[in-house]
Each structure stands twice: as structure tokens, then as C-alpha cells.
Amino acid sequence: MPSGTPDPSVDALPTVREVGLAQPFMWLRLGWRDLHACLGPSLLHGVIVAVGGLAIVALTLRAWLLMPGALTGFLLIGPILCTGLYELSRRRAAGERPQLGHAVEAWRRGTRPLVALGLLLFAAATAWVLVSAALFKLFVTVPLDSPLRFLRYAVTGQGGWLFFLWLLAGGLGAALVFSLTVVSAPLLLDRRVSLRTALLASVRAVGDNPAPMALWAVLIMLATAASMATLMMGFVLAVPVIGHASWHAYRDVLDVERLPPRS
């Protein structure tokens, strides 16, 4: 194709396959298998996320009204944080022996659409931090001088409605981000498509597989909650398993053979 001529393949939507309700459990099994196949590089991703979560807690201890939004907002950029894991699974599926250098290379060659997706998720996470802090700042009417008193106010008594409002707003935002990114990040890594095409393909994948994708979202939320309950240490295992599993979800749900691969 002559230089400067638009490539129509970047706007071609991949075919969406319908999968069974129990398929997310298969994705987890395949993710666990990939974790064992490239243990060191995979666990390193989990360690980085766990350390990042602990750093956010430490930084927001003096401004703890930001803590709920900062922690949950940090999770919104998860699809981009797993870029290296997608590459490890991609290499393994191609018959190669995955190494840490492959994951690093995936970040170094970050394509423009993948970078744009990362910026979009960062903007969404930042907006949620501000919305979350504003909700508590505007509607909390009693002095709260510690995270424990804040938590007691949020989940009991007069603060109960505020907690549920926060959950509702966060749930709607998370559902939107999930729909837009559940398969778009690995698609952008693997194939030469535009950001718009990847986002539309992801939304269509969710729309054509509502029950399996809902189950997949629940499994991710459960793993996230368990990881937070262990003071972020659970992320060391949860992140690589979910990251690798997300690659298999992408390959299972989308038929991308007609789309040009990334060079």
C-alpha cells in the first residue's frame, strides 16, 4: 500500500464469537498455566501492582478522603498494566519461550492506539478520584479525623446512603470501563487496528456474550476484593493470572485472523 494511503484494515471490526457461560473458568485455568510457564516475569507484574497499591495507601493516609477513589481508580488502569502479560501469553501461544525481555519490549514498542488507551484510562481514573473525593467532601456533614471514623460513617448510620451512592457511581463507571477494555488492550497489542475499532469490538464482545462477560467481571471483582483484603499481597498472584487469562478471553471471543498483525 502506498505511503500515506489510509489502511482500511484498521477500521475492520473482528468477528465476535459466542462463548459458553462457564468459559471464564477456562480462561482462568489457561491463565494459571501461563503463569507457571513464565513464572518470574509474570509474578513481577503482580509485585509491581501490589507495591503500587501499598504506595497509594501510604500517600493518601494524610488525605484519606482521596483513598477510596485513588485505590479503585488505580484498578481502572489494570488493562494497560497487564500489557506485558498479554505479550508473554502471545509469545507462548506462538511456540516461543516467553522471557522478561519480551514483556519489556511490548512496553517499549507501545503503539499509538495502545498509548491512547492508556491515557484514556488514566483520565478516567483521575476523574473518578475527583468525583469520589467530591462526594464525600460535599455530603459528609460531621468532622471525621481518621480513616476508621470515616469508614464507620460511610457504611453505617447517616452515612449509609452516601456509601451506596458511591458504590453505584463507581459500579457504573467500572462497568463502562470493563465493556470498553475487556478485550481491546490485547487486541491493540496483537493486531493493527485503530483505537475506535478496538473499543467497539470490546463493547460488541460484551453485548454478544452478556452472561459470560458478567461472570468474568464478577470473578475479577472477587479476585480484586480478596487481594485488597490481604493488604495488596493477593495481587502478586491475581494480576498475572487475570492478565494471562484476559489474553485467552480475547483470543476466544474475537476472530482476528483477517486483521493484520502488529509487526
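Look through Ala174, Ala205 and report the one residue that is closer than 27 Å to Gly84 by Cα, among the aliphatic types (A, V, I, L, M) and at pLDDT below 90.
Ala174
Mind listing whichever residues of the stretch 91-106 are touching a residue at least 12 places away in the same chain (Cβ under 8 Å) and over 19 Å from Val182 (Cα atoms)?
Passing the criteria: Arg92, Ala93, Pro98, Gln99, Leu100, His102, Ala103, Val104, Glu105.
Which residue out of Leu43, Leu54, Leu88, Leu71 is open to solvent by less than 20 Å² (accessible area, probe 1.4 Å), under 20 Å from the mean Cα position of the chain (by Cα), in contact (Cβ under 8 Å) with a residue 12 or more places away in the chain and under 29 Å from Val218 (Cβ atoms)?
Among Leu43, Leu54, Leu88, Leu71, only Leu88 is open to solvent by less than 20 Å² (accessible area, probe 1.4 Å), under 20 Å from the mean Cα position of the chain (by Cα), in contact (Cβ under 8 Å) with a residue 12 or more places away in the chain and under 29 Å from Val218 (Cβ atoms).
Do we have Leu180 as surrounded by 14 or more Cβ atoms within 10 Å (Cβ to Cβ), modelled with pLDDT of 95 or more and in a helix (DSSP H, G or I) here?
no
The values are calculated or read from the model by the stated rules, or taken from the named source; none is laboratory data. Note that the structure is a prediction, hence the values are computed from the model and not measured. Every residue, glycine among them, receives a Cβ derived from its backbone with ideal geometry; neighbour counts consider all protein chains shown. Ligands, DNA and RNA are stripped out before the accessible areas are found, and what is left, the full protein with its side chains, is counted by its heavy atoms. Shrake-Rupley method; radii C 1.70, N 1.55, O 1.52, S 1.80 Å.
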